[in-house]
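Before any comments, here is the structure.
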Amino acid sequence: APSNDSLNKRFNPASFNTIIKFRNTGKETITSIKFEYGFVGMDKHTFTWEGTLPTLADTTITMPFDDYVLMEKDTEFNVFIKEVNGKTDDYPENNFGKSLANMPKKYPKGIIAQLVTNNYDILNTGSPYQVYVLNSKNEVIFKRETTDNSRTYKDTLDLPNGAYSYILYNPYGYGLGYWVLERNYGLRYGSLTMYAGNKLMQNFNPDFGNAINYNFIVADLPIIKANVVDNKHDFGDIPIDSTVYFNLELAAGNSLPAKIKSIVMKDGDNKKFEILSIKPAPENNEWIIKEGEKVTVEIKYTAMLKGKRFSTIEVSSNDFYFPSRQIRIEARGVDPLSVDENNFKSSIQTDANYLNANLTIENTSNLPQNFDIELYNSLGQKIQNIFSGTIENNYQMNFDISKLESGIYFVNTKVGEFTYTNSFLIAR
């Protein structure tokens, strides 16, 4: 391991160490072998095994190997036998092996492992699951040796950079579910998922037999910060025929260089959004941002029509969380000389003896508006004009209702094209 052989591919990808199986096909007993091994294009390592291996016997050994953290893609792994019993082998033709090592997934710090156990109580037994996390020295750094039935465990693994193995063990050999037990006894399937923040990284097949052995790497990963909240910038209300600007800043989120491949505005022309400039200019059609550096995208919006408009800036990069980031840019064109219904509120109250009514008008448009206020009975007949004039901000008025008979009455407040109706009851 790592191996792409069908019998051993469950150990691929690996995250630390390498496992080698070899056989003595010579006439002499082997007492030592010197190996050279490593990934193609990377440094080679040496390891000397010592023991006793008779003719035609084979054995399996584990050799230390930590170069998985350096992988950027699937890479060929090679191993050579350089010496046998302290000298060159008499038959070197079969002293070489190779396999394709799959790159283990890389996680940032703060991995979340979510285990949902199933209902083994229907089989009259407790939950069998055990969890272990091992580091590259085969040390157990986290364990959960007992679990309860039908429960969710959300473990945050705040691990330093390095190589790890997550092991979920079921001694019964039924994984997190088995179709025979589900069909015949009602045993539900459990689940195991891995997250980095809110990003789903791995969802495991529940039918795994005795154990899941999941190898992974924790490393610093490229992150791009933007000076927006929830990937959105809102220009707010912009008067018609006005132009506003915003500088979108993209910076490295940690010590690793971030690579931006493209910055594109979608549907901007039709809605009067525009990228004016991107500074600095790209080199070889991309931007490499180091810690403390940033790329500034100057955005322009001109309000031509009333109403809400939006566009999207797509940033393609090597950002771990947002490799294809969508940043929404929005604005609302408004006519400074017009108002909408949300600018006005009205309410009415009567005194206990039904002698006077108090009407409150709220005008939040910050513009003087002409109001017409009329009183109607329940038959729709106008009783009187209460007010006709200009109201600039908030306004309260009292009017006499002492001569009105018992019944329901309506106050219609008209401003521009909007009408607001308040009702009150007189019960004498």
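The values are calculated or read from the model by the stated rules, or taken from the named source; none is laboratory data. All values derive from a computational prediction rather than experimental measurement. Every residue, glycine among them, receives a Cβ derived from its backbone with ideal geometry; neighbour counts consider all protein chains shown.
The figures follow:
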read-out	value
Search result, residues across region 90-124 that are acidic (Asp, Glu) and in contact (Cβ under 8 Å) with a residue 12 or more places away in the chain	Asp90, Asp121
Boolean, Thr296 is touching a Leu at 6+ places or on another chain (Cβ under 8 Å) and in contact (Cβ under 8 Å) with a residue 24 or more places away in the chain	yes
Residue within region 179-192 that is over 28 Å from the mean Cα position of the chain (by Cα), at pLDDT 95 or above, under 20 Å from Ile112 (Cα atoms) and not in a helix (DSSP H, G or I) present	no
Filter pass, Val228 being under 30 Å from Phe322 (Cα atoms), of a type in the set (Val, Ile, Thr) and over 18 Å from the mean Cα position of the chain (by Cα)	no
Test result for Thr152, of a type in the set (Ser, Thr, Tyr), exposed (fewer than 14 other Cβ atoms within 10 Å of the Cβ) and under 37 Å from the mean Cα position of the chain (by Cα)	yes
